[in-house]
Amino acid sequence: MSRTPTPHIGVLMAALLMLSAAACQEGKGSAPAPADKPNAATDQAKPAQPNPAGDKAAPDAPDKAAAAAPTSKPASKPGSKPAPKPDNRPKKRSEAKPDKAIAQKDSYVFEYQTFKAKEQFQLHGKDETKVTVKTQIGDKTMEGTTETTGTTVMTIYVEEADKTRPTKVHHVYTDVREKQKDQGNTQRMRSPVSGKIYVIHYEDNGLKVTYRQGGAASPQETAQVTKDARLVHLSRQFFDMLPRRPLKPGETLKIKNKDVQTFAFENGAKVMSVQNPKFSFKEAREVDGREAGIFIMEFSAVMIEGPLTISVQLKGEIAFEIARGRLLRMRWEGPLTLTGKTQEGDKTIKIGGQGTSLQEQVLLYPEAMPDLP
């Protein structure tokens, strides 16, 4: 599931399925329903099926054995109050403090502090894509609309770090899920990483991903965790794009195409080109209680995914903490266009589509580490 402006993979796969369906209808009369096809990738992402034996009990029925069992907690003394527990639960997105306008200075000096051991932050991400896709074989045309919504709640905890970078990081995936609406049908999927904790070891020859309790993660999980491993370095990447001088509100900044590609697209995105980038420092604002610079980034990009060429035009607003150099918020929005062509026997199938893409990431920096499950 995307963390950056890459068009949502669910929409791309839906477009590819329409290509396949068009070929089936042309060659065989009808396409089999997607649910009838076993798919290893999607099957792994689905939540576990309920146990028929366990479902016989009413879900709300009281557990008599548990109720009768004595508690292990000692009785409280009369008049005593239990000691308050530290509030170290994961923060909700709604708990972020509202933005506040602040008096503008003539200029601002941005600093960056390397992540240290025991630091952490939480990511609340949401991405929405809506695309209307048309496929054509000769004079026959199929059309359908696909909407995909993905949500991510996760904590990144730095366990170890050297002077330049984190060297051992925990990814705590609280909830990662996706909903796809296609031709009136709704499918909900839970990512295989959801509800799990992984440890990323930064080694000289690359990353090593293991479960927290030990053992190598599956290839599918490793691929997702490796993509998300860039998040702990993203603040540094953004800081490196800024000039090493005071910046004035309203100032237009120079930026290179390759810097936009490195910052804005997750690992594995097959970006052919980034064009017409624009970058500016809009103003200073208080974001979640921290003084931040608000930056505007615009660009167009062309990507390849299978037989599809995807063109996007995106505008992003980025909130970046001035004192410590931490990304606080990113929002990307803009139109996208799909074009493609493939061959089925002697038939040429053409595909086209237009839609919109919206991605938003809110990053929170609580003081206390949430309890690990």
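The values are calculated or read from the model by the stated rules, or taken from the named source; none is laboratory data. Just so it is clear, the structure is predicted and the values come from calculations on it, not from any experiment. Cβ: placed from backbone, ideal geometry, glycine included. Neighbour counts: every protein chain shown.
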Considering only the range 312-339, state which residues are in contact with a Ser or Thr (Cβ under 7 Å, 6 or more places away or on another chain), assigned to a strand (DSSP E or B) and either within 30 Å of LYS116 (Cα to Cα) or of a type in the set (Val, Ile, Thr) (or both). VAL312, LEU327, THR337, THR339
What residue, among those in the range 302-332 that are in contact with a Leu (Cβ under 9 Å, 6 or more places away or on another chain) and over 25 Å from HIS124 (Cα atoms), is surrounded by the fewest Cβ atoms within 10 Å (Cβ to Cβ)? GLY306
Answer yes or no: is there a residue in the range 114-129 that is modelled with pLDDT under 95 and farther than 30 Å from VAL199 by Cα. yes
Please go through the range 239-262 and give me each residue that is touching a Phe, Trp or Tyr at 6+ places or on another chain (Cβ under 6 Å) and either in a helix (DSSP H, G or I) or at pLDDT below 90 (or both), ordered by number. PHE239, VAL260
Filtered residues of the range 264-297 (kept if over 20 Å from TYR108 (Cβ atoms) and either in contact with a Leu (Cβ under 7 Å, 6 or more places away or on another chain) or β-branched (Val, Ile, Thr) (or both)): VAL271, VAL274
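So for the range 274-288 (the condition being closer than 21 Å to GLY355 by Cβ and assigned to a loop (DSSP other than H, G, I, E, B)), does at least one residue qualify?
Checked against the condition, which is being closer than 21 Å to GLY355 by Cβ and assigned to a loop (DSSP other than H, G, I, E, B), the range 274-288 yields no hits at all.
Residues are listed down the side, and each one gets a yes or a no for (1) surrounded by 14 or more Cβ atoms within 10 Å (Cβ to Cβ); (2) of a type outside the set (Lys, Arg); (3) at pLDDT 95 or above; (4) not in a strand (DSSP E or B):
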| residue | (1), (2), (3), (4) |
| --- | --- |
| THR164 | no, yes, no, yes |
| HIS170 | yes, yes, yes, no |
| VAL176 | yes, yes, yes, no |
| SER194 | yes, yes, yes, yes |
| GLN213 | no, yes, no, yes |
Output the residues belonging to the range 199-236 that are more than 22 Å from ARG326 (Cβ to Cβ) and of a type in the set (Gly, Ala, Ser). GLY206, GLY214, GLY215, ALA216, ALA217, SER218, ALA223
Would you confirm, using the coordinates I've provided, whether LYS130 is of a type in the set (D, E, K, R) and surrounded by 15 or more Cβ atoms within 10 Å (Cβ to Cβ)? yes
Test ARG245 against the criterion of being closer than 30 Å to SER194 by Cα and either out of contact with any helix residue (DSSP H, G or I) (no Cβ under 6 Å at 6 or more places or on another chain) or buried (at least 19 other Cβ atoms within 10 Å of the Cβ) (or both), and give yes or no. no
Which of the following residues is over 21 Å from the mean Cα position of the chain (by Cα), of a type in the set (Val, Ile, Thr), at pLDDT below 90 and in a strand (DSSP E or B): THR309, THR342? THR342
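Does TYR157 fit the bill of being among the aromatic types (Phe, Trp, Tyr), out of contact with any Phe, Trp or Tyr (no Cβ under 7 Å at 6 or more places or on another chain), assigned to a strand (DSSP E or B) and in contact (Cβ under 8 Å) with a residue 40 or more places away in the chain?
yes
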Scan of the range 312-326 for residues that are closer than 12 Å to ALA264 by Cα and among the hydrophobic types (A, V, I, L, M, F, W, C), ordered by number: LEU314, ILE318
Would the range 350-358 turn up any residue that is modelled with pLDDT of 95 or more, under 23 Å from the mean Cα position of the chain (by Cα) and either assigned to a loop (DSSP other than H, G, I, E, B) or among the aliphatic types (A, V, I, L, M) (or both)? yes
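A quick yes/no check of all residues on (1) over 25 Å from ARG230 (Cβ atoms); (2) of a type in the set (A, V, I, L, M, F, W, C):
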{"residue": "SER280", "(1), (2)": "no, no"}
{"residue": "ASP288", "(1), (2)": "no, no"}
{"residue": "ILE294", "(1), (2)": "no, yes"}
{"residue": "GLU298", "(1), (2)": "no, no"}
{"residue": "GLY316", "(1), (2)": "no, no"}
{"residue": "PHE320", "(1), (2)": "no, yes"}
{"residue": "LEU336", "(1), (2)": "no, yes"}
{"residue": "LYS341", "(1), (2)": "yes, no"}
Is it true that GLN187 is under 17 Å from the mean Cα position of the chain (by Cα) and at pLDDT below 95? no
Counting only residues that are over 22 Å from HIS233 (Cβ atoms) and modelled with pLDDT of 85 or more, how many does the range 266-280 have? 5
